[in-house]
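The values are calculated or read from the model by the stated rules, or taken from the named source; none is laboratory data. Quantities reported herein were computed from a predicted structural model and do not represent experimental measurements. Here the Cβ positions follow ideal geometry from the backbone for every residue, glycine too, while neighbour counts run over all protein chains shown. The protein model used for the area step is the full one, side chains on, heavy atoms only, and it has no ligands, DNA or RNA in it. Shrake-Rupley method; radii C 1.70, N 1.55, O 1.52, S 1.80 Å.
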Amino acid sequence: MAANDTIADMLTRIRNANMARHQTTQVPATKMTRSIAKVLQEEGFISEIAEDGEGVKRHLVISLKYKGKNRQPLITALKRVSKPGLRVYSNRKDLPRVLGGIGIAIISTSSGIMTDREARRQNLGGEVLCYVW
């Protein structure tokens, strides 16, 4: 795996922690991972984000959410869309709808990282980073 795709790395870590039913997972702290974590938190997929470590070794501690007594992960899937080798952009008219609106697409727009719903509301297009449902 290319070490320069921090987003794919983050999604994989969340996915793995989810499957292993971990309470938290750590991802390297970058502007990008912070913004994505914030969107996931606002959309209710994760419960909280804390920052740990100092300097270059900073990382985000993401608390995952589960539902029911057999602890089904709230996130059923995370899918990377735009990759470093193949960027996927979408103008505001063609913003993807994930599972008919059940899931979210995280879009990197000129005014920050947001969900497809928010980007539609603000009439913005951008790079489609990933789908979450």
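Scaling the Cα radius of gyration of segment 67-133 by the globular reference 2.2 N^0.38 Å produces a ratio of 1.20. Charge tally around Asp9: other residues with Cβ under 13 Å, Lys/Arg +1 each, Asp/Glu -1 each, net +3. Tilt of helix 6-19 relative to the longest C-alpha principal axis of the chain, in degrees (0 to 90, nearest 10)? It works out to around 50 degrees. The apolar share of the surface of the chain, taken as the fraction of accessible area on carbon and sulfur atoms (1.4 Å probe, ligands and nucleic acids excluded), comes to 51 percent.
The ellipsoid equivalent to the alpha-carbon distribution of segment 37-85 has semi-axes of 23, 18, 9 angstrom, derived from the gyration tensor eigenvalues as √(5λ) and listed largest first.
Across segment 83-90, rounded Karplus estimates of 3J(HN,Hα) from the backbone phi angles (6.51 cos²θ - 1.76 cosθ + 1.60, θ = phi - 60°) give 10, x, x, 8, 6, 10, 10, 9 Hz, Gly and Pro being marked x. Once the Cα-Cα distance is subtracted from the 0.36 nm per residue extended length, the Asp5 to Met19 segment shows a gain of 2.9 nm.
Which of the residue pairs Lys31/Lys67; Lys31/Lys79; Lys38/Lys69; Lys57/Lys79 have a Cα-Cα distance greater than 24 Å in the structure shown?
Beyond 24 Å between Cα atoms: Lys31/Lys67; Lys38/Lys69; Lys57/Lys79.
Under the criterion of Cα pairs below 8 Å and six or more residues apart, the relative contact order for the chain equals 22 percent.
Across segment 125-131, coupling constants 3J(HN,Hα) worked out from phi with the 6.51/-1.76/1.60 Karplus curve, θ = phi - 60°, read x, x, 7, 7, 6, 6, 10 Hz, and Gly and Pro carry x. Counting only Cα atoms, the chain measures 38, 38, 26 Å along its principal axes, largest extent leading.
Label positions at Arg34 and Arg97, each projected 7 Å from the Cα along the C-beta direction, are separated by 3.5 nm.
Between Trp133 and Ser111, the contour length at 0.36 nm per residue exceeds the Cα-Cα span by 5.6 nm. About the centre of its Cα atoms, the chain shows a dipole size close to 380 debye [charges on the beta carbon of Lys, Arg (+1) and Asp, Glu (-1) only; nearest 20 debye].
Around the amide H of Gln23, modelled in the peptide plane, lies no amide H under 5 Å away from a residue 5 or more places distant or on another chain. Note that the chain presents 57 Å² accessible area per residue, ligands and nucleic acids not counted, probe 1.4 Å. Our helix-only sum for the chain, with -39,500 (n - 2.57) per DSSP H run of n ≥ 4 divided by its residues, gives a mean residue ellipticity at 222 nm of -7000 deg cm²/dmol. Post the alpha-carbon centroid distance, segment 37-80 to segment 95-119, in whole angstrom. Each part's Cα centre sits 18 Å from the other's. The phi torsions of segment 59-67, fed into the Karplus equation with coefficients 6.51, -1.76 and 1.60 and a -60° offset, translate into couplings of 9, 8, 9, 9, 8, 8, 10, 10, 10 Hz, rounded to whole numbers, with Gly and Pro shown as x.
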